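Here the structure is laid out as structure tokens; the discussion comes afterwards.
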Amino acid sequence: MELKIASAELARALARSLGIVEKKSTMPSLSHVLLEAKKDGGLKVSATDLDVTVIGEHRCEVLKDGALAVSARHLHDIVRSLPGDQVTLKRASNNYLELKSGASEFKLVGLPAEDFPALPRFDKVKFAPLKTDLFIEMIERTQFAASTDETRYNLNGVFFDPSEGLLRMVATDGHRLSLAERKTDADFGLKKGVILPRKGLTELRKLLAEGEEGDGTPVEGELGFVENNAVYRRPGVTLMMRLIEGVFPDYRQVIPAQQEKIFNLKRVDLLSTLKRVSILSSDKAHAVKLELAPGALKVMSQNPDLGEAKEDLAVGYEGAPLKIGFNARYLTDVLEALDVENVQVELADDLSPGVVRPVAEEGYTAVIMPMRI
């Protein structure tokens with residue numbers, strides 16, 4: 001294998017792999033990327049952790065066909081630091097990779113291509129067009145609420161539920177729920193909803209954002225499902241993720257009906273107040289107390305080891321007073337995920353979940369369980 005490629009292009013290819021390759025694994029090859037050079041196809045760079053796989057195709061001058069697996073992180077760090085605009089890669093004896101750029105020369109230990117895990121192949125995928133900006137927004141509005149508790153594997157992702165001209169994406173960790181929905185005429189060929197893994201969505205989000213570079217025009221791709229995998233592709237790159245097996249809870253039962261105590265306020269004002277007041281809240285619980293009264297919302301926190309904080313916000317509310325506790329982080333996660341001017345907060349009593357929605361915009365609902373304070 002021998003080829004010449006622009007340093008920036010190779011660095012971009014390797015950067016895609018860093019979130020996927022395993023840093024600690026009993027299989028050394030999972031920390032590697034597979035480099036495959038073909039004169040009629042350029043350079044193919046692949047990375048996998050057996051659950052998420054990314055394959056990128058890159059233009060280059062291939063002098064000799066061949067393949068080699070090398071450490072993704074070390075190769076990325078080397079390429080990113082090279083002085084020249086172009087780098088030459090050559091497979092040497094004993095599976096070494098030689099790199100030359102300007103006056104710099106490196107030799108990096110590699111593995112035979114045969115030691116790299118077999119990459120999944122999907123020839124019969126039914127793809128549907130995926131609107132880049134829409135899907136980025138839906139990921140950002142839901143993924144943060146997915147559980148990180150590995151024992152609750154069916155909550156370790158985002159439920160992808162297209163039906164009746166709507167695409168719904170839902171995530172919950174049992175303490176909060178985030179639901180985003182948008183109209184779509186795309187047919188993903190699914191008979192029921194599927195659970196997309198958190199890590200796979202993180203890497204997909206990076207690819208979608210990457211497509212917006214250059215002249216600012218989003219690069220539209222396609223999403224399809226086959227067997228137990230989701231496959232995203234656009235010119236030059238393919239990402240595959242293994243779906244999470246399990247039953248996602250019925251999210252419709254979690255969303256309360258219209259609640260009695262409703263008030264609107266500026267999203268940024270509430271977000272800033274919560275961040276300030278929660279500085280003195282408990283490190284683990286992030287507990288804050290909300291006191292709602294006609295015309296005012298008081299946000300408070302108290303920590304016997306640190307002190308207490310409180311701040312008043314003006315709100316358009318004329319109903320009965322209410323005191324309720326929440327995890328401040330759950331509220332700030334929702335507010336940071338929204339890009340709107342005003343939000344609507346709906347409450348019932350101190351034991352019932354609170355609901356947050358954008359004002360003057362349909363298609364998003366956050367449900368947050370209260371805390372006893």
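Listed here are the residues, each with its yes/no results for (1) without any contact (Cβ under 8 Å) to a residue 40 or more places away in the chain; (2) in a loop (DSSP other than H, G, I, E, B); (3) touching a Cys at 6+ places or on another chain (Cβ under 7 Å); (4) farther than 30 Å from A67 by Cα.
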residue	(1), (2), (3), (4)
E114	yes, no, no, no
A118	yes, yes, no, no
K124	no, yes, no, no
L134	no, no, no, yes
I139	no, no, no, yes
F144	no, no, no, yes
N154	no, no, no, yes
P162	yes, no, no, yes
L167	yes, no, no, yes
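Criterion applied to E341, E308, E362 was being in contact (Cβ under 8 Å) with a residue 60 or more places away in the chain, of a type in the set (D, E), outside the structural domain of T142 (by TED's automatic domain parsing) and touching a strand residue (DSSP E or B) at 6+ places or on another chain (Cβ under 9 Å), and the one residue passing it is E341. In segment 46-109, counting only strands (runs of 3 or more DSSP E) that sit wholly within it, the ones holding 3 or more residues that are in contact with a helix residue (DSSP H, G or I) (Cβ under 9 Å, 6 or more places away or on another chain) and of a type in the set (A, V, I, L, M) span 66-71.
Of the strands (runs of 3 or more DSSP E) lying entirely inside segment 169-254, not one contains at least 3 residues that are among the polar types (S, T, N, Q), in the same structural domain as T53 (by TED's automatic domain parsing) and in contact with a Cys (Cβ under 6 Å, 6 or more places away or on another chain). Residues that are touching a residue at least 40 places away in the same chain (Cβ under 8 Å) and among the small types (G, A, S) were ranked within segment 234-292; the one that is surrounded by the fewest Cβ atoms within 10 Å (Cβ to Cβ) is G246.
May I ask you to list the residues in segment 95-152 that are polar (S, T, N, Q) and either in contact with an Asp or Glu (Cβ under 6 Å, 6 or more places away or on another chain) or surrounded by 12 or more Cβ atoms within 10 Å (Cβ to Cβ) (or both)? Within segment 95-152, N95, S101, S104, T132, T142, Q143, S147 meet the criteria. Considering segment 317-333, and only residues there that are out of contact with any helix residue (DSSP H, G or I) (no Cβ under 8 Å at 6 or more places or on another chain) and either loosely packed, with under 14 Cβ neighbours inside 10 Å or among the aliphatic types (A, V, I, L, M) (or both), the residue that is farthest from P370 (Cα to Cα) turns out to be E318. All of L196, L179, L207, L223 fail the test of being modelled with pLDDT of 90 or more, over 25 Å from L14 (Cα atoms) and surrounded by 14 or more Cβ atoms within 10 Å (Cβ to Cβ), apart from L179.
Conditions tested, residue by residue: (1) on the phi > 0 side of the Ramachandran plot; (2) touching a residue at least 12 places away in the same chain (Cβ under 8 Å); (3) surrounded by fewer than 16 Cβ atoms within 10 Å (Cβ to Cβ).
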site	(1), (2), (3)
R16	no, yes, no
K44	no, yes, no
A47	no, yes, no
L50	yes, yes, yes
G56	no, yes, no
L63	no, yes, yes
H76	no, yes, no
D85	no, yes, yes
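Entry remark, segment 9-38: residues being more than 23 Å from the chain's Cα centre (by Cα) and closer than 14 Å to L89 by Cα number 7 in total. Applying the condition of being of a type in the set (D, E) and more than 26 Å from M371 (Cα to Cα) to segment 158-176 and asking which residue is nearest to the chain's Cα centre (by Cα) yields D161. Give me the residue from segment 153-165 that is surrounded by fewer than 20 Cβ atoms within 10 Å (Cβ to Cβ) and closer than 9 Å to G246 by Cβ and, out of that set, modelled with the highest pLDDT. Checked segment 153-165; the qualifying residue modelled with the highest pLDDT is N154.
Within segment 256-276, identify whether any single residue is at negative phi, β-branched (V, I, T), within 30 Å of the chain's Cα centre (by Cα) and not in a strand (DSSP E or B), and answer yes or no.
Within segment 256-276, one or more residues are at negative phi, β-branched (V, I, T), within 30 Å of the chain's Cα centre (by Cα) and not in a strand (DSSP E or B).
The values are calculated or read from the model by the stated rules, or taken from the named source; none is laboratory data. Not measured: the values here are computed from a predicted model. With ideal geometry, Cβ positions are generated from the backbone for all residues, glycine too; neighbour counts draw on all protein chains shown.
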